[in-house]
Amino acid sequence: MARKWIYASRVEGNASRQAHADMPEGTYEREMSKEGFFGPAAFLHHKRPPTGWVDFEGPLQPRAFDLNKLGKAENSPWDSSSVLFNAATDIRFWSLSEPMTTLARNADGDQLLFVHRGAGSLFCDFGHLAYEAGDYIVLPRGTLWRLSPSEPTLVLMVEATNTHYTLPDKGLVGPHAVFDPAMFDVPAMDDAFKAQQTDEDHEWKVLIKKRGQVSTITYPYNPLDAVGWHGELHPVRLNVRHIRPLMSHRYHLPPSAHTTFLSDRFVVCTFAPRPFETDPGALKVPFFHNNDDYDEVLFYHAGDFFSRDNIDAGMMTFHPAGFTHGPHPKALANMLEQKKPATDEYAVMIDTRDPLDVGEGASRVENLDYVNSWKPKAK
């Protein structure tokens, strides 16, 4: 049943009538909203930045992890480092330097691979698919697969536990906005796939993950031996450079406008280079907000991350639902006027409807001083 929200829209005091634009001089806007950025919202104007804390203690504090420091390469994705997880998703960071010697299958849900670094080949039930940095690869639950890197590979893995990935409804802009589904590449039963089928002089083990546990099935032959397929269910690949973000030169769009994939209890968004807003009164940095319904995760892939200071590629930030956050003080100086015409960043955002727990891998590489990065600088 559609919700009937309880509200009476009004304006009180010294306030802008348009969100993210024409704020009263000397004020800082904060958005408070329902259902992420999809429900009713209030826009409050403060005399000081809402993140100007001098101390922040407790489990709600923002956290940052340098996943580059996880180090050890693992041959199986199921041995990869746990980063964040809940009942709806399992986020891992995987380092692979040699071809997989076993095959993997996820029986828990659809698997999303985001290739942060590296290049090589994916071999699966459906054929061969080359991969490179910046690729999203969606593997339907039950797909049998392995990677054979030609360059050391780092992969952010995001599982849709017990469910699927779908595409967002793009509404009035139509299904071809942001990226055309024609940009999806699918595996091919090409010469490379047929060549790997001849590797049958040893046993092949299949490592199947189900409910967090791994079962091993041993075959006396290579089970990637399909000779053909047809249908609508298959892996797809999309590179971030093929994403053409929605833009407005007069209004700073919310992160949800950049949604790439949907699952039942979380979304995956992609931030790609785009021009800054040009309207003099439009906000030109992410707005302060308390996202009270979603945990927010941001993985930094490449570029110059304009809303965060001291953040490099391969790092991840985690903002639990329930506190106000927004741009760092350095970025805030460019709130209404940027020094360059466009952003230069690629990042993957994961917003989860249910609280996330921090995995053992992330705990080892946490930047414990991250919470202090919003503190006002001493004069």
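The residues packed around S263, meaning those with a beta-carbon under 11 Å from its beta-carbon, carry a net charge of -2 if Lys and Arg are +1 and Asp and Glu are -1. Rolling a 1.4 Å probe over the protein heavy atoms gives the stretch 37-184 an accessible area of 41 Å² per residue. Which lysines have a Cα lying under 25 Å from the Cα of K4, excluding residues fewer than 8 positions away in the same chain? Straight-line reach from K4, under 25 Å: K34, K170. Take each peptide in 84-97, 43-56, 319-332, 6-19, count the other Cβ atoms within 10 Å of every residue, and average; sorted highest first, the result is 84-97, 319-332, 43-56, 6-19. A Gaussian network model of the chain, with springs between Cα atoms under 10 Å, assigns the largest mean-square fluctuation among E29, E200, E159 to E200. Could you tell me whether the stretch 30-71 comes out rounded, prolate or oblate from its Cα gyration tensor? Rule is a ≥ b ≥ c as square roots of the eigenvalues, rounded for a/c under 1.5, then prolate if a/b exceeds b/c, otherwise oblate. Note, shape of the stretch 30-71 comes out oblate. Stretched out straight at 0.36 nm per residue, the stretch from A195 to K69 would grow longer than its current Cα-Cα span by 41.8 nm. Derived scalar couplings between HN and Hα for the stretch 348-353 equal 10, 10, 10, 10, 10, 6 Hz in order, rounded to whole Hz, by the Karplus curve 6.51 cos²θ - 1.76 cosθ + 1.60 (θ = phi - 60°), x for Gly and Pro.
Modelled label positions at A182 and Y221, each set 7 Å beyond Cα in the direction of Cβ, lie 4.0 nm from each other. Taking the 1.4 Å solvent-accessible surface of the chain as the whole, the part contributed by carbon and sulfur is 52%. Evaluating 6.51 cos²θ - 1.76 cosθ + 1.60 at θ = phi - 60° for every residue in the stretch 79-96, the Karplus couplings come out as 9, 6, 6, 6, 9, 9, 7, 7, 5, 9, 7, 9, 9, 10, 10, 10, 10, 9 Hz, glycine and proline recorded as x. Accessible surface of I350, taken over heavy atoms with a 1.4 Å probe and every protein chain present, rounds to 0 Å².
A dipole drawn for the stretch 265-307 from +1 and -1 charges on Cβ atoms has a positive end, and of F287, L298, T270 the residue lying farthest that way is T270.
For the stretch 182-270, the list of trypsin sites (Lys or Arg not before Pro) that fall in a loop by DSSP and count at most 11 other C-beta atoms within 10 angstrom reads R211. Between the listed residues L139, I311, F323, the Cα displaced farthest toward the positive end of the dipole of the chain, a dipole computed from Cβ unit charges relative to the Cα centre, is found at F323.
The values are calculated or read from the model by the stated rules, or taken from the named source; none is laboratory data. Just so you know, these numbers come straight off a predicted model, no measurement behind them. Don't worry about glycine lacking a Cβ; one is built from the backbone with ideal geometry, like all the others, and counts go over all protein chains shown. Heads up: the accessible areas ignore ligands, DNA and RNA and are worked out on the full protein's heavy atoms, side chains in. Shrake-Rupley method; radii C 1.70, N 1.55, O 1.52, S 1.80 Å.
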